[in-house]
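Remarks on the structure that follows.
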Amino acid sequence: MTMRCSSQPDHWSGQSVKLKWLSRVAGRGATFRIGVCGVRLIVSAVALLAANAAAAQVPDLSGVWLRDPPPHTPAGTPEELVGQDFGPPPGLPDEGFKLREPYATRYRQLQDRTGAAEASGEPLVDTSTLCRPEGVPGMMVGILPIEITQTRTKLLVIAEELSQVRRIYIGVKPPPLDEITPSYNGFSWGRWERDTLIVRTIGIREEARYLDLPHSRSMEVTERFRLTPTGLLEVRILVEDPAVLLQPYRLTFRYRREPTYRVQESLCENNKYRLGDDGKVIFDMHDKP
């Protein structure tokens, strides 16, 4: 910080100011003569100390995290993976999603087509078979481990699945929505409220569909990151999109820290799904020579 101070006397000149916290250093009853510039410097120093103290009190979320409980039982072979039921994500409403029309009808029709296609062994093309990123909030499902690196100004989230990278900026103001280039992870910014990091995300591109749910350009995702008393990382998610949803939906994910695990690069080059000449999805269980 650069501060200009006038050499001219001011109304503080000749005043004696007793500062308790300086007195502890200089001795009890010490008296200091300071000008306006000195007062400003002291105020700035106190603010900096307060900011550093606040930063020291927030929990450290850095580390590698695995979903707890795991979203599925790891399969040992491609054959065991086929037909495995991953189950519904935790925290979804029992009554399902509440969508406005015509989105509700379209979503039900898509679910019916998806179920029939999977039953026939010819699944529909989706973001997974096209090797596209999951985006927010799907990235936080954590089928594979995630790694978090935390600094005072940023939270970096790396998902092993597709090597996705997400940046959460702490203590900043977001740009206007129309100035954000839509992306799979959108623009995320956060602030600490005691031991909880509250993160908001906007600007998520419409192709990033969690569980195939449609959404508008104005969808907003709010997350609350905190450590539980047992040491788990808990992320509570609220998805709001009044243009598409009749009511918001919520998700809750918990993760346990894995101090010895190293996140690996995971790309889609060895994906077992491919598109046939007729445009249908084909699942190859074995690597080709």
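State whether the residues of region 195-206 include one that is charged (D, E, K, R), over 25 Å from Tyr261 (Cβ atoms) and in a strand (DSSP E or B).
Yes, some residue in region 195-206 is charged (D, E, K, R), over 25 Å from Tyr261 (Cβ atoms) and in a strand (DSSP E or B).
Take Pro242 and tell me if it is surrounded by fewer than 17 Cβ atoms within 10 Å (Cβ to Cβ), assigned by TED's automatic domain parsing to the domain that holds Ile148 and either at pLDDT 95 or above or among the charged types (D, E, K, R) (or both).
yes
Of the residues Arg205, Arg226, Arg200, which single one is at pLDDT 95 or above, surrounded by 15 or more Cβ atoms within 10 Å (Cβ to Cβ), closer than 29 Å to Arg113 by Cα and in the same structural domain as Lys154 (by TED's automatic domain parsing)?
Arg205
Taking region 213-241 as the region of interest, how many residues are in contact (Cβ under 8 Å) with a residue 24 or more places away in the chain, part of a loop (DSSP other than H, G, I, E, B) and over 22 Å from Thr127 (Cβ atoms)?
Number of matching residues: 3.
Being modelled with pLDDT of 95 or more, touching a Pro at 6+ places or on another chain (Cβ under 7 Å) and loosely packed, with under 14 Cβ neighbours inside 10 Å narrows it down to one residue among Asp195, Asp178; which is it?
Asp195
Yes or no, residue by residue, for (1) within 15 Å of the chain's Cα centre (by Cα); (2) surrounded by 20 or more Cβ atoms within 10 Å (Cβ to Cβ):
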position: Pro123; (1), (2): no, no
position: Arg132; (1), (2): no, no
position: Met139; (1), (2): yes, yes
position: Glu147; (1), (2): yes, no
position: Tyr169; (1), (2): yes, no
position: Pro182; (1), (2): no, no
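If you scan region 247-263, which residues turn out to be assigned to a loop (DSSP other than H, G, I, E, B) and either under 16 Å from the mean Cα position of the chain (by Cα) or in contact (Cβ under 8 Å) with a residue 24 or more places away in the chain (or both)?
Gln247, Glu258, Pro259, Tyr261, Arg262, Val263
If you scan region 142-183, which residues turn out to be touching a residue at least 60 places away in the same chain (Cβ under 8 Å), at positive phi and assigned to a loop (DSSP other than H, G, I, E, B)?
Gly142
The values are calculated or read from the model by the stated rules, or taken from the named source; none is laboratory data. In this text, all values refer to a predicted model and were calculated from it rather than measured experimentally. Methodologically, a virtual Cβ is constructed for each residue, glycine included, from the backbone with ideal geometry; neighbour enumeration extends over all protein chains shown.
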